[in-house]
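The numbers here are math on the coordinates, done by the rules we state, and not lab data. Quick caveat: nothing in here was measured; it's all calculated off a predicted structure. Positions of Cβ are generated from backbone atoms using ideal geometry, with glycine treated the same way; all protein chains shown enter the neighbour counts.
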Amino acid sequence: MDKILYCAGPFSTYNAKWVYTPEPDEVMFRKNKEVIELCNKHNLKLHIKVHPSDEKANLAHFKYLTKNYPQVKVVGGYWKWLNTAQRMIPRYQLVVLDILRTALLPIMARSTVPCIIYTERKDCIKKYKLEGLSKIFHMVYNRKELDKLLVKFSFGELFQPEEEQLMKKWFTKRETIENWYKVGRYNFILRRKFRQEWKSDGQAYVTMDKLWKRIERATTPPIPIIK
């Protein structure tokens, strides 16, 4: 069964409200319940990674919320390096975040795992010009929108936004080409270090001009000709 990782944000009770959660605690509590209830509604396996800020209180909070939901597992132990959210993410098929300001955003931007951001503060999106987030993540602003995406996920039809998929493919191709040139440069250096080419008269065949041209060919990708 596909699994969902819910990385719950901290409550303003424990943190500066304006830094982490622009939503009051009662909204955060309600969103916690909605994620749990909707996953249970669609029979989806859910793991909740509690926030390390006041971890014991967060752990107790989610243990209480999930006591009647056997398909939900609450994960704590931030101090154990095996249980950090960054290490857990690749083992899941979907990640749900409920705050905008989190260190997991750049990690999810690089990951191929689909991500839902559940926030009710559309005004923050406009105020801080974060509309581009919708091209990278699935942005939902209420329970109904979240429900629709979880239905799609339950049928195996929830993927990354199309633009993000294209960007990932493009970067993968670019990185592959760059790695290929690095291998070519490394092999060239080894050849020059351990072997020298000579003419039959004993003089070195490779001049400085030829050596420079070879270095350029090995390290600089060719420029495509557009017709």
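Any idea how far the Cα center of the stretch 49-71 sits from the one of the stretch 115-133, in Å?
One Cα centre to the other: 26 Å.
For Lys56, give me every one of the aspartates and glutamates with a C-alpha distance below 18 angstrom, ignoring sequence neighbours fewer than eight places off in its own chain.
In chain and number order, the partners are Asp25.
Can you work out the Karplus-derived ³J(HN,Hα) for every residue in the stretch 96-101? Use 6.51 cos²θ - 1.76 cosθ + 1.60 with θ = phi - 60°, whole Hz, and x for glycine or proline.
Whole-Hz 3J(HN,Hα) from phi for the stretch 96-101: 10, 10, 10, 9, 8, 9.
Can you flag which of Lys45/Lys148; Lys33/Lys127; Lys45/Lys152; Lys31/Lys63; Lys33/Lys73; Lys41/Lys122 are past 23 Å Cα-Cα? Let's see the in-between values first.
Numbers: Lys45/Lys148 17 Å; Lys33/Lys127 28 Å; Lys45/Lys152 15 Å; Lys31/Lys63 15 Å; Lys33/Lys73 14 Å; Lys41/Lys122 26 Å.
Flagged as over cut-off: Lys33/Lys127; Lys41/Lys122.
So what's the convex hull volume per residue for the Cα atoms of the stretch 3-160, in Å³? Numbers along the way, then the final one.
Working: hull volume 16.8 nm³, N = 158.
Normalising the Cα hull of the stretch 3-160 by residue number yields 106 Å³.
Using amide H atoms built 1.01 Å from N in the peptide plane, name the residues 5+ places from Val74, or on other chains, whose amide H lies under 5 Å from its own.
The list, which skips near neighbours in sequence, is Ile48.
Could you check the spin-label model distance between Lys3 and Glu37? Points 7 Å from the Cα along Cα→Cβ, value in nm.
2.6
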